[in-house]
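The values are calculated or read from the model by the stated rules, or taken from the named source; none is laboratory data. Just so it is clear, the model here is predicted, and its values are computed rather than measured. Positions of Cβ are generated from backbone atoms using ideal geometry, with glycine treated the same way; all protein chains shown enter the neighbour counts.
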Amino acid sequence: MSAGSGKPVVAIVAPSGYAQDPAAVDVAVARLQACGCDVRNFYDDGRKHQRFGGTDAARLAQLHGAATDPEVDLVIALRGGYGLSRLLPQIDFAMLAESGKLFVGHSDFTALQMGLLAHGGPSFAGPMICADFARPDPSDYTIAQFWQCLRGPTHQLAFASSAASDLDVSGVLWGGNLTMLAHLAGTPYLPPVDDGILFVEDVNEHPYRIERLLLQLQFAGRLRQRAIVLGDFSGYRLSDYDNGYDLDAMLVYLRERLGIPVVAGLPFGHIRDKTTLAVGSHARLTVTGGIATLLQGNYPTLARAR
């Protein structure tokens, strides 16, 4: 909390892409301030580089600067896109994990979250500046879920789900963008989580690509999990060539092939209305009568930041 104010301090960093509309960042800052936050913007639009929110060195400096600022509580990614893969070998994950900051984002930010988890550091899969706080029609659900999760001490959500059968499992909650998870397989940046609850999402990926990415994780030995929870997978196009192969057909195949429960319907991904998930938390997932409930606990909260 900022000295004397009692307000949470939010740092904005751009480890991946830059803001296409710089004025939208000001909108997001104003919205965070309206939520009772002090905001420190480590992103400088004037220093964007190619498709990135700065040179590799500048973006790394943003991350490390936010993590070492003694007053910062939350570090929120500007946006996704691409760029974190370039930084992985230079990120001081041990320092980030020990900083006590709450790191928030999704999409390309999954790479940082998995590297953090590999070093024992939790994070939050949730809204970002451009995708959520800056949008002209902000989602009340997204913002409410964000603050409920960060303030804890537990976070529970229920959603309609298509599941093969009723379910009751517990384990470490981890995951994120499916493309990024498959990209990290075989590297030290994907944490060795077994018997966990893996959540995945992606955008603009045809069902066969989703299947292929999950099979890649299986072949790499990373799907020894209690359950897989599917978030939003949208933005793809089917064609006549698919001949009946769609997302539902792919799910039938995966459930037969993987041998573990696959639960669909999680409200998370590249969508307007998204929940916030405590990555690295202890979670319990139950499914009864087509309704899934995900209870998360034992994770750092805003009240305990730093």
Exercise for review: For the stretch 75-96, name all the residues that are touching a helix residue (DSSP H, G or I) at 6+ places or on another chain (Cβ under 7 Å) and either assigned to a strand (DSSP E or B) or small (G, A, S) (or both).
Suggested key: V75, I76, A77, G80, G81, G83, S85
Exercise for review: For the stretch 85-96, state whether one or more residues are touching a Leu at 6+ places or on another chain (Cβ under 6 Å) and closer than 16 Å to P127 by Cα.
Suggested key: no
Point to revise | Criterion: modelled with pLDDT of 95 or more and over 23 Å from D140 (Cα atoms) - qualifying residue of A19, A11, A3, A61 | key: A61
Review point. Among (1) over 12 Å from the mean Cα position of the chain (by Cα); (2) touching a residue at least 60 places away in the same chain (Cβ under 8 Å); (3) under 20 Å from V9 (Cβ atoms), which single condition is L96 missing?
Key: (2)
Review point. Restricting the stretch 97-149 to residues that are assigned to a loop (DSSP other than H, G, I, E, B) and of a type in the set (D, E, K, R), which is surrounded by the most Cβ atoms within 10 Å (Cβ to Cβ)?
Key: K101
**Study point:** Residues that are within 12 Å of C149 (Cβ to Cβ) and either assigned to a strand (DSSP E or B) or not hydroxyl-bearing (S, T, Y) (or both), drawn from the stretch 252-282
**Key:** F268, K274, L277, A278, V279
Review point. Assuming L247 fulfils every condition listed in (1) touching a His at 6+ places or on another chain (Cβ under 8 Å); (2) surrounded by 13 or more Cβ atoms within 10 Å (Cβ to Cβ) apart from one, which condition is it?
Key: (1)
Study note, to complete from the structure: Inside the stretch 9-63, the number of residues satisfying the requirement of being part of a helix (DSSP H, G or I) and in contact with a Leu (Cβ under 8 Å, 6 or more places away or on another chain) is 5
Exercise for review: Please specify each residue of the stretch 124-164 satisfying the condition of being within 23 Å of F52 (Cβ to Cβ) and small (G, A, S).
Suggested key: A125, G126, A131, A134
Check your understanding: When you look at L178, is it within 18 Å of I260 (Cβ to Cβ) and in contact with a Ser or Thr (Cβ under 7 Å, 6 or more places away or on another chain), yes or no?
Key -> no
Review point. What number goes with the only condition from (1) touching a residue at least 12 places away in the same chain (Cβ under 8 Å); (2) over 22 Å from S123 (Cα atoms) that G221 does not pass?
Key: (1)
**Study point:** Positions within the stretch 38-57 being surrounded by fewer than 18 Cβ atoms within 10 Å (Cβ to Cβ) and hydrophobic (A, V, I, L, M, F, W, C), in sequence order
**Key:** A57
Practice item. Working only within the stretch 22-43, note down all residues that are under 18 Å from F146 (Cβ atoms) and among the basic types (K, R). Key: R31
